[in-house]
Each structure stands twice: as C-alpha cells, then as structure tokens.
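Structure record follows, encoded as structure tokens.
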C-alpha cells in the first residue's frame, strides 16, 4: 500500500487553463475606454421606451468610440425622424396603429445599430471591453418615456385650449 500514488481531489488541475485561453491571438484591437450599449439593448430601449431612447444610446456609443461627428449626425437625423414619425402617427387611424409602428421601429433600430456599431461592439467585447448596464438602459427608457409623456400632455393642453 505504500507504493500506491496518493491523489488529492482538492488540488488544482495540472494544466494552465487560464493562460491557454488568453494565449489565442485576438483579431480585435484594444477595447474602448467606456462601456458600450449592445444592439439588443438599443432595440429593447426603443421597444419598451421611445425612439428618442434609441437615439440617445446610439449617440452615446458613437461618443464612447470617439466618433463625435457620427454622434452629431445621429442626433440630427434622429430629431428629423422623430418629427416625421409624429407626423405619420397623426395621419394614421387611431385604432391599432402603435404596435405595428413600435415593432417596425424596434426592428429598424436594431438593424441600424447592428450595421453601424455591431462589429465595433463585438470587437470591443472580444478585447475585454465592458457592456453598459441594463439598469442604465431602463433609466434612459423611463426618463425619455416620462419626458415624452409630459411634452405630449403639454402640447395637448395648448392645442386643446
């Protein structure tokens, strides 16, 4: 019995698993300094909130990626698109108009975020970069929703007077 090897079930594995995973070369460059919103988070913000929430998240990502001109374009085109959306909503019949438009906006924003920022987000995550918090997305959705409700309420009061 003295010749039998002793096996310690509590000992760590003999191979260096932690270093073999990081030894693979990454095609991604360095991660951005600030966390980014994922395309799914942007789509969820539009679905549960407003298009303005999606615009804010897209703009924030462009700023985090150090692309200020794209952030400004996002705000400009987003403002024009939001005004056009409100005009479209006024022209459509009131019954059953919000759900199809909301689904279309969600799909559109998700596709736009994926096309404009999807690869940058993937590279950022592969390089060890952080993803923004879902709680921050929730806060932005809540904030933009309340703001839009107040604005619409005030507009209805002014027009209704």
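Do you know which of the residues in segment 61-78 that are free of Cβ contacts under 8 Å to residues at least 60 places away in the same chain and closer than 20 Å to residue 127 by Cα is surrounded by the fewest Cβ atoms within 10 Å (Cβ to Cβ)?
Residue satisfying both the conditions and the ranking: 66.
Can you name the helices (runs of 4 or more DSSP H) wholly within segment 68-146 that have at least 1 residues being more than 19 Å from the chain's Cα centre (by Cα), farther than 13 Å from residue 54 by Cα and at pLDDT below 90?
In segment 68-146, 68-91, 98-113 are the helices (runs of 4 or more DSSP H) which contain 1 or more residues that are more than 19 Å from the chain's Cα centre (by Cα), farther than 13 Å from residue 54 by Cα and at pLDDT below 90.
The values are calculated or read from the model by the stated rules, or taken from the named source; none is laboratory data. Keep in mind that what you see is a predicted model, and the values were worked out from it rather than measured. Virtual Cβ from ideal backbone geometry, glycine too; neighbours counted across all protein chains shown.
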